[in-house]
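So the structure is just underneath, and the comments pick up after that.
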Amino acid sequence: MNPNLYACVHAAEFPTQALLRLNTQLASQPVAVLDGRPPLQTICSVNRNARLKGVSLGMTRLEAESIPDLHLLPRSPETEAAARTILHECAAHFSPRIEAASPQATSHATSAACILDITGTERLFGPPQTLAERLRTALETVGLRTSITVSSNFHAARIKAASSRGIVVIPDGQEALALSKLPLAALDLDEGTTETLAIWGIRLLGDVAALPESELVARLGPQAVTWRNLASGTLAHTFQPIEAEFSLKEFCDFDTPIENQDSLLFIGARMIDCLAARAATRALSLASLNIEMQLEGSHNYQRNLRPAIPTIDCKFLLKLLQLEIAAHPPQAAVLSLTLTAQAGQSSKVQLGLFAPQTPEPSRLDVTIARLKAIAGEDRVGSPVLEDSHRPGSFRMQAFSVPAQTSKISTIPTESPHPHLALRRMRPPVPVRVQLQAQQPVAFRSTEQTFRVSAAYGPWKTSGCWWSTEPWNTEEWDVLAENTNGNSVTCLLVHNCAINQWQLEAYYD
C-alpha cells in the first residue's frame with residue numbers, strides 16, 4: 001500500500017501579493033503594506049524590492065515614509081479573502097482534498113497556505129516533482145508566488161514549505177533530516193519555552209528531535225512530545241478537507257481615490273481577465289457581470305452587464321464595461337471596485353437554411369449599449385406584452401438570444417385566403433371628428449379631410465379605474481374617402497376620459 005502523500009502550498013508576504021495581483025504596474029516597484037490604525041500603523045508585509053531598500057517588518061509609517069520611492073499601501077482583508085479563494089481554486093484542480101493550513105480568522109496572519117492530499121495522483125499529473133511544478137506554474141498565472149513542499153507527513157510538508165523557497169520533495173523516511181536545519185521558530189512555540197530551549201543551547205529542530213522523550217516530558221510537560229514529533233516529522237494528523245467554494249468575484253481596494261476613467265478601466269481589464277480565466281478552467285463562460293463601487297461620501301454605485309450570450313471574450317466585456325461607465329459615470333471618486341460574475345454555459349445557435357444571417361453577439365451587444373446611451377435605457381430592447389386588458393400595453397426588456405436551436409425553416413406557401421393587416425400609427429395621429437347621431441361622419445387630420453362612408457362600432461374598453469392610470473375608450477372601424485377620392489380603411493379611437501380622438505391604425 002502506498003503511503004500518504006501531501007503537497008503544501010505556502011504563499012509568503014500574502015498581503016503584498018494579494019494587492020499586487022491586480023495592480024501589476026506596481027509589481028516592479030518597492031511596495032510595503034501598512035497594518036493597524038493611524039497613526040500607529042506598522043509594516044506587516046513587503047515585497048523583494050522593498051527589502052532591498054532596507055524596509056523591514058515592524059517599521060512605523062513615519063520610518064517607512066523616509067525611504068525614497070517606496071509605495072505604501074493599506075492592508076485590505078477583502079482583497080486577501082478574494083486571493084485566498086483563488087489559491088484554493090487553483091489547488092482544487094490538482095486534488096479535491098484540500099485543508100487550509102493558514103490562520104484565516106487571524107487578522108495578523110501574513111501568509112496563506114493550504115495542503116493537498118495528492119495520494120494516487122501520479123497517473124494524472126506524473127511524479128510529485130512534476131505535479132509541484134505544474135501547480136506552481138498555475139498559481140503564477142493568477143499572480144501568486146508560492147513555495148511547495150511534498151512529503152508523506154502532513155506537518156513536515158507544512159513546516160518545510162513555510163521555511164523554504166521553490167519546490168522541495170522530501171523522500172519517505174527522511175523527514176527528520178529535511179527538518180533538522182530549520183530554526184526553532186518553525187515550531188511556533190511560546191516565548192517562555194523558546195527561552196528555556198535557548199538556555200539549553202537548542203536552536204534547531206534537529207536538536208529538539210535528538211532530546212530524550214522521557215526527560216523532555218519531565219521538564220516541559222506532556223506537550224513536549226508533540227514538539228518533538230513535529231521536529232522529527234513523525235506527528236500524525238487527521239486530514240480535515242474543506243469544500244473549496246467557487247465564486248467568480250474580484251475585489252480591488254484603491255490606496256488613493258480614482259477619478260480618471262482610464263485608470264479605473266486599467267484595473268477593470270485585469271479583473272475581467274482573471275474572472276474569464278477562472279471560468280474557462282471549468283469550461284464555463286461569464287453570463288453576467290455585476291459592477292459595484294464604493295465612492296467617496298459613503299455612496300455606492302451598482303450596475304449590471306448581461307451579454308446576449310455567455311462569453312469569455314475579455315476585450316468584448318471590457319468594451320461593455322467602458323460603455324456602461326461612460327453612460328452612467330460615478331458621481332464621486334472611486335475607493336474600491338468589485339466585479340462579481342455569474343457563470344453560464346456558452347452555446348451555439350444553429351440557424352436554418354433560409355433564416356436571415358444575424359450579427360455576431362459581441363457586435364450586437366456593443367451596438368445595443370451604444371443605442372442605450374443615445375436613446376435611453378427604457379427605449380432599447382425587446383417588446384413584451386403586459387398581462388393587461390389595456391390596448392397596446394407593452395414593456396421593454398433586455399434583448400437576449402434564445403438558447404434553443406432553431407429548426408430548419410421551410411419555404412412558406414401562399415394561402416388561398418386573403419389576409420388583412422393592421423398597421424399601427426406610432427404615435428397615433430390626433431384628429432378632429434364630426435359626429436352625427438353619435439357616429440363619426442367625417443374627420444380631419446393636419447394634412448387631409450376624410451368623409452366617412454361606413455362606420456362600425458363603437459367597441460368600448462375600460463379598466464384600471466382603481467389606479468392612477470385608468471382608461472375608457474371607444475373604437476370605430478371606418479371606411480372613408482379623402483378629397484382626392486382615395487378610399488382608406490382605418491381605426492378611430494375616442495378617449496372618453498379626456499374627450500380626444502386619434503387615428504390609431506390603417507387596415508392594409
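A compact table of results
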quantity: Within the chain, helix-based [θ] at 222 nm, where runs of 4 or more DSSP H residues each add -39,500 (n - 2.57), nearest 500; calculated: -8500 deg cm²/dmol
quantity: Exposed GluC sites (Glu not before Pro) absent: longest stretch of the chain, with sites in DSSP loops and at most 15 other Cβ within 10 Å deemed exposed; calculated: 1-242
quantity: Taking the convex hull of Cα positions in the chain, its mean projected area over all directions (nm²); calculated: 39.1
quantity: The stretch 253-297, Rg to Rh (Cα coordinates; Rh as Kirkwood inverse mean 1/r); calculated: 1.06
quantity: Calculated FRET efficiency for the pair ARG444/ARG379, C-beta based, R₀ 35 Å, to 0.05; calculated: 0.65
quantity: Inter-label distance, nm, simple model (7 Å from Cα along the C-beta direction), LEU479/GLU386; calculated: 3.6
quantity: The chain - percent relative contact order, Cα under 8 Å, separation 6 or more; calculated: 10
quantity: Orientation-averaged projected area, Cα convex hull of the stretch 437-508 (nm²); calculated: 5.6
quantity: Cα-based Kirkwood hydrodynamic radius, the stretch 211-359, one decimal, Å; calculated: 19.5
quantity: Chymotrypsin sites (Phe, Trp or Tyr not before Pro) restricted to the stretch 435-488 and DSSP loop, no more than 13 other C-beta within 10 Å; calculated: TRP465, TRP466
quantity: Solvent-accessible area, 1.4 Å probe, carbon plus sulfur percent, for the stretch 1-114; calculated: 54
quantity: FRET efficiency estimate (nearest 0.05) - Cβ-Cβ, GLN342 to THR137, R0 25 angstrom; calculated: 0.30
quantity: For the stretch 24-162, accessible area per residue (1.4 Å probe, heavy atoms of protein chains only), Å²; calculated: 47
quantity: Cα convex hull volume per residue for the stretch 137-184 (Å³); calculated: 78
quantity: Rounded to the nearest 20 debye, dipole of the chain from Cβ charges on Lys, Arg, Asp, Glu; calculated: 880
quantity: List SER288, SER28, ordered by accessible area with a 1.4 Å probe, largest first; calculated: SER28, SER288
quantity: The stretch 102-202 - Rg over Rh from alpha carbon coordinates, Kirkwood radius; calculated: 1.02
quantity: Convex hull (Cα only) mean projected area of the stretch 7-92, reported in nm² to one decimal; calculated: 6.1
quantity: Spin-label model distance (nm) - ASP313 vs PHE394, 7 Å beyond Cα toward Cβ; calculated: 2.7
quantity: Stretch gain in nm, segment TYR456-THR196, where the contour uses 0.36 nm per residue and the Cα spacing is subtracted; calculated: 82.8 nm
quantity: Cβ-based charge dipole, the chain, positive-most Cα from LEU318, GLY143, GLY221; calculated: LEU318
quantity: Stretch in the chain that is longest and holds no trypsin sites (Lys or Arg not before Pro) that DSSP places in a loop and that have at most 10 other beta carbons within 10 Å; calculated: 1-180
quantity: Stretch gain in nm, segment LEU52-THR234, where the contour uses 0.36 nm per residue and the Cα spacing is subtracted; calculated: 61.7 nm
quantity: Dipole axis of the chain (+1 Lys, Arg; -1 Asp, Glu on Cβ), positive-most option in ALA209, VAL31, ALA454; calculated: ALA454
quantity: Rough spin-label spacing in nm, given labels placed 7 Å along Cα→Cβ, for THR130 and ASN300; calculated: 5.0
quantity: q = 0.19, 0.26 Å⁻¹: log10 I(q)/I(0) that the Debye formula gives for the stretch 240-317, counting C-alpha atoms only; calculated: -0.92, -1.37
quantity: Fraction in percent of alpha-carbon pairs per bin - 5 Å, the stretch 148-289; calculated: 2, 8, 14, 14, 10, 9, 8, 8, 9, 8, 7, 3, 1, 0
quantity: Residues SER467 and ARG363, FRET efficiency given R0 of 51 Å [Cβ-Cβ distance, rounded to 0.05]; calculated: 0.80
quantity: The chain: angle of helix 77-92 to the longest principal axis, Cα-based, in degrees nearest 10; calculated: 80
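The values are calculated or read from the model by the stated rules, or taken from the named source; none is laboratory data. Just so it is clear, the model here is predicted, and its values are computed rather than measured. Note that we place each Cβ from the backbone using ideal geometry, even for glycine, and neighbour counts take in every protein chain shown. Protein only, heavy atoms only, side chains kept; ligands, DNA and RNA dropped before computing areas. Shrake-Rupley method; radii C 1.70, N 1.55, O 1.52, S 1.80 Å.
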